[in-house]
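Remarks on the structure that follows.
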Amino acid sequence: QLRLVESGGRLVQSGGSLRLSCAASGFSLSYYYAVGWFRQVPGKEREGVSCISMKDGSTNYADSVKGRFTISRDDAKNTVYLQMNNLKPEDTAVYYCAAQSPAANWGLRCVDIDFGSWGQGTQVTVSS
């Protein structure tokens with residue numbers, strides 16, 4: 001059974017940086033079609049932030065984070081990262097990582113309904 005554990009979230013000032021980690025256990029992430037980062041603010045819908053193909057390494061970013069966030073993977077550590085630079089108060093949310101099943105092989109849409117395995121989330125708070 002795949003387990004995903006996010007870490008790295010904390011309070012940071014506007015303009016600061018954080019690196020979130022998504023550590024997987026139980027299965028190799030290389031088995032999956034993709035891994036994504038999503039975020040959610042209480043009372044609002046979950047938003048796709050960035051996704052990475054586990055097949056060819058291609059990436060997808062929400063317009064709001066392009067140029068500021070970078071998704072990457074370390075296959076040896078079975079971990080996916082989200083480097084977050086120039087953080088803004090609007091980035092405040094609980095950040096989740098998730099894995100897309102290899103059966104869901106239709107493309108890298110980076111929408112939450114494509115992802116079946118989820119971590120518990122890590123809180124990122126950006127103060128102004």
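What number of residues in region 80-116 are more than 20 Å from Gly16 (Cα to Cα), surrounded by fewer than 19 Cβ atoms within 10 Å (Cβ to Cβ) and not aliphatic (A, V, I, L, M)?
8
Pick out the one residue from Gly15, Gly67 that is in contact (Cβ under 8 Å) with a residue 60 or more places away in the chain, at positive phi, part of a loop (DSSP other than H, G, I, E, B) and over 14 Å from the mean Cα position of the chain (by Cα).
The match here is Gly15.
Before we move on, is Gly67 open to solvent by 30 Å² or more (accessible area, probe 1.4 Å) and at pLDDT 95 or above?
yes
As an exercise: evaluate Ile113 against (1) more than 20 Å from Ser14 (Cβ to Cβ); (2) touching a residue at least 12 places away in the same chain (Cβ under 8 Å); (3) not acidic (Asp, Glu) and give the number of the one condition it does not meet.
Checking Ile113 against (1) more than 20 Å from Ser14 (Cβ to Cβ); (2) touching a residue at least 12 places away in the same chain (Cβ under 8 Å); (3) not acidic (Asp, Glu), the one that fails is (2).
Looking for something buried (at least 18 other Cβ atoms within 10 Å of the Cβ), among the hydroxyl-bearing types (Ser, Thr, Tyr) and either assigned to a helix (DSSP H, G or I) or within 10 Å of the chain's Cα centre (by Cα) (or both) - is there at least one such residue anywhere in region 41-57?
Yes, that holds for at least one residue.
Would you call Val124 open to solvent by less than 50 Å² (accessible area, probe 1.4 Å) and either closer than 23 Å to Gly16 by Cα or out of contact with any strand residue (DSSP E or B) (no Cβ under 8 Å at 6 or more places or on another chain) (or both)?
So Val124 fits the description; yes.
Is it true that some residue in region 106-121 is out of contact with any Gly (no Cβ under 9 Å at 6 or more places or on another chain) and modelled with pLDDT under 95?
Yes: one or more hits.
The values are calculated or read from the model by the stated rules, or taken from the named source; none is laboratory data. Since the model is a prediction, treat every value here as computed from it, not as a measurement. Methodologically, a virtual Cβ is constructed for each residue, glycine included, from the backbone with ideal geometry; neighbour enumeration extends over all protein chains shown. Heads up: the accessible areas ignore ligands, DNA and RNA and are worked out on the full protein's heavy atoms, side chains in. Shrake-Rupley method; radii C 1.70, N 1.55, O 1.52, S 1.80 Å.
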